């Protein structure tokens, strides 16, 4: 029997009764700390208050007005370290003895409200009267979608250029379906399209001065949000090894019609994943779901230093993943046909804290050992393409080729070109990208207003 059915849909969210029960626990804080801890200003304190007083459409309207991707954020946001971490209900009091370590399930409420709006076909926005100004958005990930939606709400002609065949960016090609399925994404995209946003897929803006030429082609402003689609590798010369994948290649294959192919590569095999973040968790759990005989996670630091969320780590353990901590892969073992056969690994110990605040892993001399593996997935981070600076040669970038942009406006060093999302931050959260899009849209409107004067 195929394991593909495990990938088709994510788990169901909560229902109306459960959402109301959670909202009834809200302490109705005057200056809601949960709202202050939402990077996208989705205002959970406001929509939960409205839900508690049975103003369901008002609660939905609050989310969508503040965050066009409210559904995606409700599913994917690490709420445990954002809004829910600040929730006053998690603190025990005489009036609320149940409050200890039990915040309101804000993410689940947010997801329910968005799904409820789709079930009831409730439309928050009316399509605005079109304006003459045209804005080009490069990339249809969270930042690009957010910026385009904010512009379209006020009638600006927003066109998104996407290199992939379908829109969604990391939401489509970088998350496994059992965490965020395509049906959910399509409904979220429909809300954006209903505002009048235009999409041009299979249209990469990666030629010489490609982004800057958009201004010459009649667009009044440009927002760069292409994401980071190149992956770091243990050794660049190993890219042609059969059975070695970057996390980008592997996760994209699970979403672009190659799921059966990947199942055939993984089922019954030994899979090793290098890394310790949320992307690595997606890789190891999906490999387990695809029927891998053994899945190993190789991470050079300790368990407590892993950047993945606690819920993700627990889920991986429940899937039977073997955690090989304090181990650093240093090379790959291949056969004569250049097929992966295993990894060469050195044991590590923790030294003094580095710039991240975590204790730095140090390789222990003479501690090399080998791990047999049929498939290896590198989930050690993404980067800007090496030639990306040619696409916007006059836009200032840093040493990592990330675009330098004003955090208050998204404006780059080139007049009329703005940027946001991972291309300015490095790998970050969906909710951060959404806020970047909102900030840039506001600045673009102000910029275009000045051009009219």
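The values are calculated or read from the model by the stated rules, or taken from the named source; none is laboratory data. It should be emphasised that the depicted structure is a prediction, and the values quoted were computed from it without experimental measurement. All Cβ positions, even for glycine, are placed from backbone atoms using ideal geometry, and neighbour counts span all protein chains on display.
For residue 161, indicate whether it is in contact with a strand residue (DSSP E or B) (Cβ under 9 Å, 6 or more places away or on another chain) and not assigned by TED's automatic domain parsing to the domain that holds residue 70.
Values: in contact with a strand residue (DSSP E or B) (Cβ under 9 Å, 6 or more places away or on another chain): yes; not assigned by TED's automatic domain parsing to the domain that holds residue 70: yes.
Considered against the rule, which asks whether it is in contact with a strand residue (DSSP E or B) (Cβ under 9 Å, 6 or more places away or on another chain) and not assigned by TED's automatic domain parsing to the domain that holds residue 70, residue 161 comes out as yes.
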Check your understanding: Would it be correct to say that residue 374 is over 31 Å from the mean Cα position of the chain (by Cα) and touching a residue at least 40 places away in the same chain (Cβ under 8 Å)?
Key -> no
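Results for (1) in a helix (DSSP H, G or I); (2) modelled with pLDDT of 95 or more; (3) surrounded by 19 or more Cβ atoms within 10 Å (Cβ to Cβ), shown as yes or no for each residue.
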| residue | (1), (2), (3) |
| --- | --- |
| 58 | yes, yes, no |
| 62 | yes, yes, yes |
| 68 | no, yes, yes |
| 75 | yes, yes, yes |
| 85 | yes, no, no |
| 89 | yes, no, yes |
| 93 | no, no, no |
| 98 | yes, no, no |
Check your understanding: Is at least one residue of the range 159-167 out of contact with any helix residue (DSSP H, G or I) (no Cβ under 6 Å at 6 or more places or on another chain), buried (at least 16 other Cβ atoms within 10 Å of the Cβ), in a helix (DSSP H, G or I) and touching a residue at least 24 places away in the same chain (Cβ under 8 Å)?
Key -> no
Revision key, fill the gap. The one condition residue 126 fails out of (1) assigned to a loop (DSSP other than H, G, I, E, B); (2) assigned by TED's automatic domain parsing to the domain that holds residue 437 is (2)
**Study point:** Residue that is under 26 Å from the mean Cα position of the chain (by Cα) and within 20 Å of residue 229 (Cβ to Cβ), where the choices are 429, 408
**Key:** 429
Review point. What are the residues in the range 311-333 that are more than 23 Å from residue 291 (Cα to Cα), outside any loop (DSSP other than H, G, I, E, B) and out of contact with any helix residue (DSSP H, G or I) (no Cβ under 8 Å at 6 or more places or on another chain), if any?
Key: 327, 328, 329, 330, 331, 333
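Somewhere in the range 280-294, is a residue more than 28 Å from residue 170 (Cβ to Cβ) and surrounded by fewer than 23 Cβ atoms within 10 Å (Cβ to Cβ)?
Kept after step one, since they are more than 28 Å from residue 170 (Cβ to Cβ), are these residues of the range 280-294: 293-294.
Those left that are additionally surrounded by fewer than 23 Cβ atoms within 10 Å (Cβ to Cβ): 293-294.
Yes - at least one qualifying residue is present in the range 280-294.
Would you point out the residue of the range 268-277, among those that are surrounded by fewer than 22 Cβ atoms within 10 Å (Cβ to Cβ) and farther than 18 Å from residue 244 by Cβ, that is farthest from the chain's Cα centre (by Cα)? Explain how you work it out, then say what you get.
Within the range 268-277, the subset surrounded by fewer than 22 Cβ atoms within 10 Å (Cβ to Cβ) is 268-270, 277.
Still in the running and farther than 18 Å from residue 244 by Cβ: 268, 277.
Details: 268: 30, 277: 12 Å.
Step by step, filter the range 268-277, then rank; the result is 268.
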Practice item. Quick one: residue 30 ticks every box in (1) loosely packed, with under 15 Cβ neighbours inside 10 Å; (2) closer than 17 Å to residue 115 by Cβ except a single one, so which number is it? Key: (2)
Exercise for review: Can you give me the number of residues within the range 214-231 that are over 13 Å from residue 418 (Cα atoms) and part of a strand (DSSP E or B)?
Suggested key: 2
Check your understanding: Which condition number in (1) in a helix (DSSP H, G or I); (2) modelled with pLDDT of 90 or more; (3) surrounded by 14 or more Cβ atoms within 10 Å (Cβ to Cβ) is the one that residue 39 fails?
Key -> (1)
Practice item. Inspect the range 148-157 for any residue being touching a strand residue (DSSP E or B) at 6+ places or on another chain (Cβ under 7 Å), assigned to a loop (DSSP other than H, G, I, E, B) and on the phi < 0 side of the Ramachandran plot and give the result as yes or no. Key: yes
Review point. Touching a residue at least 24 places away in the same chain (Cβ under 8 Å), under 21 Å from the mean Cα position of the chain (by Cα) and farther than 30 Å from residue 297 by Cβ - does that describe any residue in the range 208-223?
Key: yes
